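Chemist: Below are the structure tokens for one structure; questions will follow.
Just so it is clear, none of the values below were taken in a lab; they were calculated from the coordinates. This one's a predicted model, so the numbers in the text were calculated from it and none came from an experiment. Counting neighbours? That spans all protein chains shown, and the Cβs are built from the backbone with ideal geometry, glycine included.
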Amino acid sequence: MSKKILVVEDEKHLAEGLKLNLSLKGYETQMAHDGLEALDKWKSFNPDLIILDLMLPELDGFKVLEEIRLHSERLPILILSAKDTAEDKIRCLKKGVDDYMAKPFDLDEFLLRIERILQRAEWSAKNEPKEPILKRVEFGVNWVDFDERKGHGVNGDVVLTLQELKLLKVLFTNEEKMLSRQFLLENAFGYSYDASSRTVDNFIVRFRKYFEIDPKNPSHFISKRAVGYVFHK
């Protein structure tokens, strides 16, 4: 079965050229020309790889990247952008991209990078369990909707930040497991996230305020001194 690639590029001539060359290599390819269309195509097309420009109409590439990474940490993403500063590259790497190429670029190098990224993804898929995709989680009287980026707690509806959702995802997918603060920092925000262990504590205080009937005696977000936190439904 051929691999599926989504090309997100607002320059239509360039997008068409990329699609042609990828198709000649045997890849099934679709295009999106703005950030909102990119998110729609990502959900409907279910690609094996996304080639993503950063300067997009409607929703820029950074926001598209954040939205995808909220739901999927493993989907390969290659940035292809005229933005070529070290700051832009570092920002994208921190958000979890797999590779970064600046425009203008060499086509042969581009195609080789695509091939290698897909090979690495295939090797990883054989050795790792399937990545859980969370849409809505219910616990007690509460729920969290990852698509809508909101929740409902003991005091009513809550609009959740991207950072809150990332940490909740790690807690939910490791239900009943005691997790260290360092594990939570690394898996929710990445190894390069510049934060102290108190950052996790501050998030947990918020979650208890949102979702615990008695925040001082929590039943869902439980702490163990000097160890970390565990989530119970």
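Chemist: Within the range 96-117, restricting attention to residues that are of a type outside the set (A, V, I, L, M) and surrounded by 16 or more Cβ atoms within 10 Å (Cβ to Cβ), which residue is nearest to the chain's Cα centre (by Cα)?
Modeler: My answer is 96.
Chemist: I've got another one for you. If you scan the range 142-161, which residues turn out to be touching a residue at least 40 places away in the same chain (Cβ under 8 Å) and in contact with a Gly (Cβ under 8 Å, 6 or more places away or on another chain)?
Modeler: Correct list: 142, 158.
Chemist: Of the conditions (1) out of contact with any Asp or Glu (no Cβ under 8 Å at 6 or more places or on another chain); (2) over 30 Å from residue 202 (Cα atoms); (3) surrounded by 15 or more Cβ atoms within 10 Å (Cβ to Cβ), residue 160 fails just one. Which one is it?
Modeler: (2)
Chemist: Where residues in the range 59-84 are out of contact with any Gly (no Cβ under 7 Å at 6 or more places or on another chain) and among the charged types (D, E, K, R), which of them is nearest to residue 136 (Cα to Cα)?
Modeler: So the residue we want is 67.
Chemist: Turning to a different aspect of this structure: Out of curiosity, is residue 164 touching a residue at least 12 places away in the same chain (Cβ under 8 Å) and among the acidic types (Asp, Glu)?
Modeler: The answer is yes for residue 164.
Chemist: Also, I was wondering about something else. Tell me yes or no: at least one residue of the range 142-149 is in a strand (DSSP E or B) and within 20 Å of the chain's Cα centre (by Cα). Don't jump to the end; show me each part of the working.
Modeler: Initial filter on the range 142-149 (in a strand (DSSP E or B)): 142-145.
Restricting the remaining residues to those that are within 20 Å of the chain's Cα centre (by Cα) gives 144-145.
Yes, the range 142-149 has at least one match.
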